[in-house]
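**Student:** One structure follows; several queries about it will come next.
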């Protein structure tokens, strides 16, 4: 297939592209910074400068939309919230417009979202059937999904990736946490009771490939079926690094923003997610659950 990818230099994109090429797909990455992307990506990848000069997607078989301002890199000021929203909404709207302008549109749009759609519901187990709730992350994700779904037609199916915290050996949240833990300064945040819905990068990539090849549509919780509390995760990371995890980080270290939500990965991924169906062909039981 000829695949158009946004967010190709991000954590998921960097792991997904080699698998797509290995499977024989042709990969095009749309990016605002093609020179930077060229230095980071496989030379077989074709680069577009932010859709410049492209008015349709007639030659594209599938679109994978992963682009967006990193959710946990900066404090959630009002200005940063605008960047988080519009970096996702505006790009997705442009993709939808290109799909609508195509005489032979892509057969599938796989578009990013996040489990922040559900918010912090404590011990409540949520599946894809759970409606969004009235908080910032819900509004961001709900509008993002709504825009992506505008691409859906008899010729184009839409899959929504409600993604948890992605764990990879290098980069992502582990890249931010590991230095402190290696120094023996790691530990839980606040009371440690926030749920962390996580997924390993290999399972994330396998899940996207599954959705690419199977006639499925709608939202999919891209998470392990085994969410853990923040405290459990901190102790597991400390154990893996042979370091203690006893330095509890006060939640008040994160200044309240718009109702007191801390601008951290723990608030953006605190739903206790499960899903209602797991693709049986994925390599290990429980790697990803999704809805038929």
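The values are calculated or read from the model by the stated rules, or taken from the named source; none is laboratory data. What you are looking at is a predicted structure, and each value in this text was computed from that prediction instead of being measured. Don't worry about glycine lacking a Cβ; one is built from the backbone with ideal geometry, like all the others, and counts go over all protein chains shown.
**Student:** Regarding the range 106-120, can at least one residue be identified that is surrounded by fewer than 16 Cβ atoms within 10 Å (Cβ to Cβ), closer than 25 Å to residue 15 by Cβ and in contact (Cβ under 8 Å) with a residue 40 or more places away in the chain? Spell out the reasoning first.
**Tutor:** First, the residues of the range 106-120 that are surrounded by fewer than 16 Cβ atoms within 10 Å (Cβ to Cβ): 107.
Then drop every residue that is not closer than 25 Å to residue 15 by Cβ, which leaves 107.
Going one step further and asking which of them are in contact (Cβ under 8 Å) with a residue 40 or more places away in the chain, we end up with 107.
Yes, the range 106-120 contains at least one residue that is surrounded by fewer than 16 Cβ atoms within 10 Å (Cβ to Cβ), closer than 25 Å to residue 15 by Cβ and in contact (Cβ under 8 Å) with a residue 40 or more places away in the chain.
**Student:** Going through 18, 43 one at a time, which residue ends up being outside any helix (DSSP H, G or I), farther than 19 Å from residue 89 by Cα and out of contact with any strand residue (DSSP E or B) (no Cβ under 8 Å at 6 or more places or on another chain)?
**Tutor:** One residue alone meets the criteria, 43.
**Student:** Sort out for me the helices (runs of 4 or more DSSP H) sitting completely within the range 180-292 that have 3 or more residues that are more than 16 Å from residue 116 (Cα to Cα) and either modelled with pLDDT of 50 or more or in contact with a helix residue (DSSP H, G or I) (Cβ under 6 Å, 6 or more places away or on another chain) (or both). Before you say what the answer is, go through the steps one by one.
**Tutor:** On the way: elements: 201-213, 230-240, 265-268.
Answer list for the range 180-292: 201-213, 230-240.
**Student:** Which one of these is under 22 Å from residue 12 (Cβ atoms), over 19 Å from the mean Cα position of the chain (by Cα) and surrounded by fewer than 18 Cβ atoms within 10 Å (Cβ to Cβ): 83, 49?
**Tutor:** Selected residue: 49, the only one of 83, 49 that is under 22 Å from residue 12 (Cβ atoms), over 19 Å from the mean Cα position of the chain (by Cα) and surrounded by fewer than 18 Cβ atoms within 10 Å (Cβ to Cβ).
**Student:** Taking only the range 153-179 into account, find how many residues are modelled with pLDDT under 95 and closer than 30 Å to residue 102 by Cα.
**Tutor:** Summing the residues that are modelled with pLDDT under 95 and closer than 30 Å to residue 102 by Cα in the range 153-179 gives 2.
**Student:** Counting just the residues of the range 60-105 that are free of Cβ contacts under 8 Å to residues at least 24 places away in the same chain and in a helix (DSSP H, G or I), which one comes out farthest from residue 162 (Cα to Cα)?
**Tutor:** Out of the qualifying residues, it is 79.
**Student:** Which one of these is at pLDDT 95 or above, surrounded by fewer than 19 Cβ atoms within 10 Å (Cβ to Cβ) and within 21 Å of the chain's Cα centre (by Cα): 32, 75, 19, 44?
**Tutor:** Answer to the check: 19.
**Student:** Scan the range 59-116 for residues that are farther than 19 Å from residue 28 by Cα and touching a strand residue (DSSP E or B) at 6+ places or on another chain (Cβ under 6 Å) and report the count.
**Tutor:** Qualifying residue count for the region: 3.
**Student:** Something else about it: Anything in the range 145-166 that is in contact with a strand residue (DSSP E or B) (Cβ under 8 Å, 6 or more places away or on another chain), farther than 20 Å from residue 89 by Cβ and in a loop (DSSP other than H, G, I, E, B)? List them, or say none.
**Tutor:** 164
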